[in-house]
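**Q** Okay, handing you the structure first.
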Amino acid sequence: MVNLEKIVIYGASGSGKSTLAKQVGKFLSIESIHLDDLFWFPDWKVPTTEMFKKIVSKKIEGESWIIDGNYSKVRKMILSRATFAIILDLPLYIPIWRIIARTLSRNSKIKFHHSTPLPKRIEAGGSKENSLFAIYELSTYAIKHKFRKNKIIRQEVQETLGQGNFVVLKSKKQVEHFLNEIKRIKVK
């Protein structure tokens, strides 16, 4: 039986990490933690690596959690405590579309897509994002993730957690199937 007490979710920007973390957290009654909320400070300021590690270290002390995010500075620390990993490896057009749609939806009256919020401290501080810059940066990151970082993450996950303690989801249909399995497990 797979241990779903401490779950980490990886994937490109726009792949659905935060949404999946919230859904799985709801089904399993586990807190979902979004690394973007821990990393970004008001006015898009970033913490030192030491400060970020200290913040994350406190969060992973808990008995159960779901963390989403790809921050390499804390990946090994999180993986060493995780019991299960989900890797989202969707076709590139999905995250690119979501990045464009959610960024435009957040920054205009036109709603193309369910708009995920900005990181908590950015929202609370009233900071805005430059739509074109955000789309460019996040899309570039999504492309790099798909063709380079995803392989590195998958290897680290397999080496740390071992076979059978992670899943790679490559389509929206596989994500839906995984969620149905989580619901089924919870019902038992």
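**Q** Nearest 500 deg cm²/dmol is fine: what mean residue ellipticity at 222 nm does the chain get from its DSSP H runs of n ≥ 4 alone, each adding -39,500 (n - 2.57), divided by its residue count?
**A** One gets -16000 deg cm²/dmol as the mean residue ellipticity at 222 nm.
**Q** Another question, then. Cut-off 10 angstrom, C-alpha nodes, Gaussian network model of the chain. Which of Lys76, Lys58, Lys170 fluctuates the most?
**A** In this elastic network of the chain, the residue with the biggest mean-square fluctuation among Lys76, Lys58, Lys170 is Lys58.
**Q** Can you compute the modelled spin-label distance between Glu137 and Asn165, with each label point 7 Å from Cα toward Cβ, in nm?
**A** Going from the Glu137 label point to the Asn165 one covers 3.4 nm.
**Q** Rank by packing, highest mean first: peptides 97-104, 139-146, with packing defined as the count of other Cβ atoms within 10 Å averaged across residues.
**A** So the peptides 97-104, 139-146, ranked by packing, come out 97-104, 139-146.
**Q** When ranked by the protection proxy of mean other Cβ atoms within 10 Å per residue, highest first, what sequence do the peptides 18-27, 156-165, 36-45 form?
**A** By packing density, highest mean first, the sequence is 18-27, 36-45, 156-165.
**Q** Run the simple label-point estimate for Ile152 and Arg184 please: 7 Å along Cα→C-beta, distance reported in nm.
**A** My value for the distance between the label points is 3.6 nm.
**Q** Pull out the extension gain between Thr19 and Glu31, defined as 0.36 nm times the separation in residues minus the alpha carbon to alpha carbon distance; nm, one decimal.
**A** Stretched fully, the Thr19-Glu31 segment lengthens by 3.0 nm.
**Q** Over the Cα atoms of region 130-188, what is the Rg over Rh ratio if Rh follows Kirkwood?
**A** My calculation puts Rg/Rh at 1.12.
**Q** Using θ = phi - 60° and the Karplus form 6.51 cos²θ - 1.76 cosθ + 1.60, what ³J(HN,Hα) does each residue of region 151-158 get, whole Hz, x for Gly and Pro?
**A** 5, 5, 4, 4, 5, 4, 4, 5
No lab work stands behind these numbers, since they all come straight from the coordinates. Quick caveat, the model's predicted, so the values are computed rather than measured. Using ideal geometry, Cβ is built from the backbone for each residue, glycine included, and neighbour counts are taken over all protein chains shown.
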